[in-house]
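Worksheet for the structure shown next.
Throughout, read-outs are computed from the coordinates displayed, never taken from laboratory work. Being a predicted model, the structure only gives us computed values, none of them experimental. Counting neighbours? That spans all protein chains shown, and the Cβs are built from the backbone with ideal geometry, glycine included.
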Amino acid sequence: MTETPDTSGSGESQHAISPGLLRPCAEVVEELTDYTEDALEPGPRHRVDEHLGDCEECSRVLGQLRAVADLAGTFGRTAGPIVDAGLAADRRAALLDAFDRHRRRDS
Amino acid sequence: MAQRALTVDAEVMERQPGADAEAWVGDDHALVVALRRGDAAAFEWLLDSYTPMLRRIAGSLLGASASSSVDDVVQETWLGVIIGLDGFEQRAAVRTWVVRILVNQARRRFGAELRTVPLSSLLSEPTVDPESFLPAGDEWAGQFAVMPSDWGRQPDARLEAAETMAVVGAAIAELPAAAREVITLRDVEGFDTAEVAAIAGTTAGNTRVLLHRARAHVRRRLDDYLDSERGVQR
């Protein structure tokens, strides 16, 4: 750990451990996606909030996971097959034709 | 000849004067009614408004090298839509239904030649390097022992942007299909977890597990890359 639990001036007993830090980081990191997806019940959500308030390391991991979501989005929208392109004209025409023929098949 | 003229007149009568294609936006029911009626304008609207997104999703699911397969998969998806239209019960949104057809087409095409991490490996991959935590037996077992890197402090951010994207892309490409589907649909296309689950044919809970594993994997790849970059700068 990089922090000592008995910070002075926190208003808590000098012998008390910050409640957030009672949960190991190794557990908290596994809940971070449920946390950002708003899928935690109020109790567990509050415990993650508390831990993040006391733990810069986990807060940093949370930021990194959010950054990954953003970067994945940017990558997917800019680096894939030609963005905003439609199908080639012949494929498109074949589909319009297939639509017409299928709708008329019983008539 | 006379019969053909009658058909043309019927089409003209069916199409409302001044009909705005955008009337179908947000109105799945009207769209499906029009499609079932054989309204070619409705199908063209659907085709043209969805195809860029479908190509993008297919590109992600199939891998960068499979560009010719992308349009085959998209075309097969639209054929599936045409054929499945009568049986579509509209319990899901049109978008969910169409993208689901695409994902299933992509799954069928997914080739063994693409080297990915097996799903079982991904599911047991630690989110964070276990050596970052204090070991069992320590008074603070499970707490971070090492501060995770600060990704913000990167020199020459502009130069690294393209390389960063390449690392992100490679990390996504090596994900097993199920995880890659989820991160694509959630983080690239922005569908919420419930819709992603409906598209992928699984539960929201499973979807979140896959999303977590997918993001964690990309995070570790990026962290390793940025660490090695920092080493070079020193």
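For the pair A:ARG101/A:ALA88, report the inter-label distance in nm, with labels modelled 7 Å from Cα in the Cβ direction.
Distance between the two pseudo-spin positions: 1.9 nm.
Please compute the modelled spin-label separation between B:LEU85 and B:SER124, points set 7 Å along Cα→Cβ, answer in nm with one decimal.
In this crude spin-label approximation the distance works out to 4.9 nm.
First measure r as the distance between the Cβ atoms of B:VAL117 and A:THR78, then evaluate 1/(1 + (r/R0)^6) with R0 = 35 Å and state the FRET efficiency to the nearest 0.05.
Using R0 = 35 Å, I get an efficiency of 0.90.
Taking amide H atoms as placed 1.01 Å from N in the peptide plane, list the residues 5 or more away in sequence, or in a different chain, whose amide H sits under 5 Å from that of B:PHE133.
Excluding prolines and chain starts, which carry no amide H, the hits are B:ALA145.
Between B:GLU44 and B:ASP192, how high is the FRET efficiency from 1/(1 + (r/R0)^6) when r is the Cβ-Cβ distance and R₀ = 25 Å? Nearest 0.05.
About 0.30, to the nearest 0.05.
Between B:ALA30 and B:SER149, what is the label-to-label distance in nm when each label sits 7 Å out along the Cα-to-Cβ direction?
5.2 nm
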